[in-house]
Amino acid sequence: MSKNYDVIVVGVGGMGSSICYHLAKRGVKTLGIEQYGISHTYGSSFGDSRIFRLSQFAGAEYVPLAIRAKDLWAELEDYSNEKVLTTTGGLDAGPDDGPIFSGALKSSQESGLDHEVLDANELKRRFPAFNLPSHYKGIYQKDAGIIVPERAVVAHTRAAMQHGATITTYATVKKIEPNVNSVKVTTDKGCYEAEKLVMSGGPWTGEILPELKQILTPERGCVGWFTGDKPEYFQVGTMPICIIDDETGSFYGFPEFGARLGFKIGTNIHLKEYGKNDELRRGFDQTDEERLRHYTKKYMNKGNGVLTTASDCVWTLTPDEHFILDVHPNYPNISIAAGFSGYGFKFCPVIGEIMADIALGKQPSFDLNLHKLSRFN
Ligand SMILES: Cc1cc2nc3c(=O)[nH]c(=O)nc-3n(C[C@H](O)[C@H](O)[C@H](O)COP(=O)(O)OP(=O)(O)OC[C@H]3O[C@@H](n4cnc5c(N)ncnc54)[C@H](O)[C@@H]3O)c2cc1C
């Protein structure tokens with residue numbers, strides 16, 4: 001048996017890297033175990049950009065989490081001397097009785113967020129990147145922006161290591177054995193023991209803890225980067241990050257950013273492909289492109305140009321699409337951070353803080369009723 005730790009974190013992806021950091025920062029002897037390298041393309045936390053925003057169509061309950069996350073992203077940037085979050089402003093647009101506009105408006109109003117309500121004329125005047133129907137309205141929120149997921153994972157992992165965490169890579173967790181006062185973890189590289197364990201295995205969580213398989217569903221999604229006839233319409237400063245309602249569900253977009261050519265779009269309801277992460281089809285094909293072009297043709301202003309880059313990715317859904325942030329119902333020394341859906345990344349730092357509290361038996365300073373496992377009983 002290898003060294004003993006206070007807490008083992010299984011999975012050093014978006015959430016796990018942050019959990020390792022927040023534990024290590026408190027002086028907790030932490031081991032993070034990752035089956036691949038740090039920042040890879042097999043899980044949920046890659047693809048150059050993730051939306052950050054304070055207004056939340058998923059519910060006003062998420063606003064305090066986003067506000068705390070914003071402060072913690074800034075803290076991480078200061079600590080790591082690295083830019084992780086770029087502010088671009090954000091637009092949530094749709095018919096006023098649709099879930100995107102009404103959800104963003106409700107969460108902004110209930111939480112007292114600084115926001116603007118824009119009608120179709122104002123949307124057209126302010127944001128030439130979009131060609132929105134005349135009955136669409138928008139909520140503009142200036143604090144929204146773009147997080148680089150790869151750099152966020154790197155910054156959190158490095159900060160965790162600088163605070164004394166041990167990170168083991170290319171080690172796959174095969175078995176978890178909880179005992180009364182400890183948890184034993186067997187990997188293909190060796191065995192480890194700790195007082196507590198935090199599970200943050202992303203789309204693999206249901207494989208490692210099969211009792212969660214029924215409530216954690218990996219779903220394949222795709223994103224693409226497209227050119228427009230007027231590149232100046234699609235730049236940071238002109239185009240905000242956006243979420244736009246459509247009868248197929250909704251799609252989201254980013255201005256041209258980082259190493260890619262063109263603006264990026266994706267949809268949280270792609271082609272409804274569900275299954276085990278390692279068995280979902282991977283790659284990007286014509287059907288994926290057609291799906292994305294539905295949005296570029298319909299809603300972008302002369303933005304149905306060349307598909308310059310494309311990629312697929314997997315997120316994990318719970319039945320109600322809210323996260324799981326809780327202690328295991330049968331094993332009090334195991335806690336679970338899972339089911340972060342297509343909108344979890346922005347919350348990584350605050351999830352790290354919350355899971356460190358949960359693992360250490362401290363009351364988190366947020367109302368987490370929405371995220372209890374018992375809601376699925
Ligand atoms: C295409 C796409 C677009 C998205 N857009 C946004 C967005 O704009 N804004 C936003 O906020 N969110 C967005 N999300 C959601 C967000 O990216 C995810 O919620 C988040 O990345 C989930 O992080 P995670 O740590 O749970 O999973 P991951 O980052 O996948 O981490 C899980 C880690 O566990 C490791 N692991 C698993 N099993 C084992 C094992 N047995 N042994 C060792 N290690 C193991 C994996 O290798 C992996 O590194 C998007 C997601 C996708 C896929």
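The values are calculated or read from the model by the stated rules, or taken from the named source; none is laboratory data. Remember, it's a predicted structure, so these values are computed and weren't measured experimentally. Cβ placement follows ideal geometry from the backbone for every residue including glycine, while neighbour counts extend to all protein chains displayed. Ligands, DNA and RNA are stripped out before the accessible areas are found, and what is left, the full protein with its side chains, is counted by its heavy atoms. Shrake-Rupley method; radii C 1.70, N 1.55, O 1.52, S 1.80 Å.
Would you work out if the range 21-79 is rounded, prolate or oblate? Take a ≥ b ≥ c from the square roots of the eigenvalues of the alpha-carbon gyration tensor; rounded if a/c is under 1.5, else prolate when a/b is larger than b/c, oblate otherwise.
It comes out oblate by the Cα gyration axes.
Per 0.36 nm of contour for each residue apart, how much would the distance between residue 134 and residue 36 grow if the chain were fully extended, relative to their Cα-Cα spacing?
Difference between extended and current length: 30.5 nm.
What number comes out for accessible area per residue over the chain if the probe is 1.4 Å? Units Å², please. Before the final figure, lay out each step's value.
Numbers: 15090 Å² over 377 residues.
About 40 Å² of surface per residue is accessible.
Accessible area of residue 233, 1.4 Å probe, to the nearest 10 Å²?
Spelled out: residue 233, probe radius 1.4 Å, area about 60 Å².
Want the number for residue 96 to residue 369: 0.36 nm per residue separation, take away the alpha-carbon distance, what's left?
95.4 nm
Going through the cross-link list 124/230; 196/372; 83/189; 124/302; 175/213, which pairs have a Cα-Cα distance over 23 Å in this structure?
Correct reply: 83/189.
At a probe size of 1.4 Å, how large is the accessible area of residue 291, to the nearest 10 Å²?
Surface accessible to solvent at residue 291 totals approximately 50 Å².
Shape verdict for the chain, please, from the Cα gyration tensor: rounded (a/c under 1.5), prolate (a/b greater than b/c) or oblate.
prolate
Stretched out fully, how many nm does the piece from residue 177 to residue 248 gain, at 0.36 nm a residue minus the Cα gap?
Working: separation 71, 0.36 × 71 = 25.56 nm, distance 4.34 nm.
Difference between extended and current length: 21.2 nm.
Go ahead and estimate [θ] at 222 nm for the chain from helices alone: -39,500 (n - 2.57) per DSSP H run with n ≥ 4, summed, over the residue count, rounded to 500.
Helices in the chain give a 222 nm mean residue ellipticity of -7500 deg cm²/dmol.
Taking 7 Å along the Cα-to-C-beta vector as the label spot, tell me the residue 77-residue 117 distance in nanometres, rounded to one decimal.
Simple spin-label model gives 3.1 nm for this pair.
Apply the membrane-span-like helix rule to the chain: whole DSSP H runs, Cα extent along the own long axis of at least 15 Å, mean Kyte-Doolittle hydropathy at least 1.0. List the helices found.
Qualifying helices, which must be both long enough and hydrophobic enough, are 348-359.
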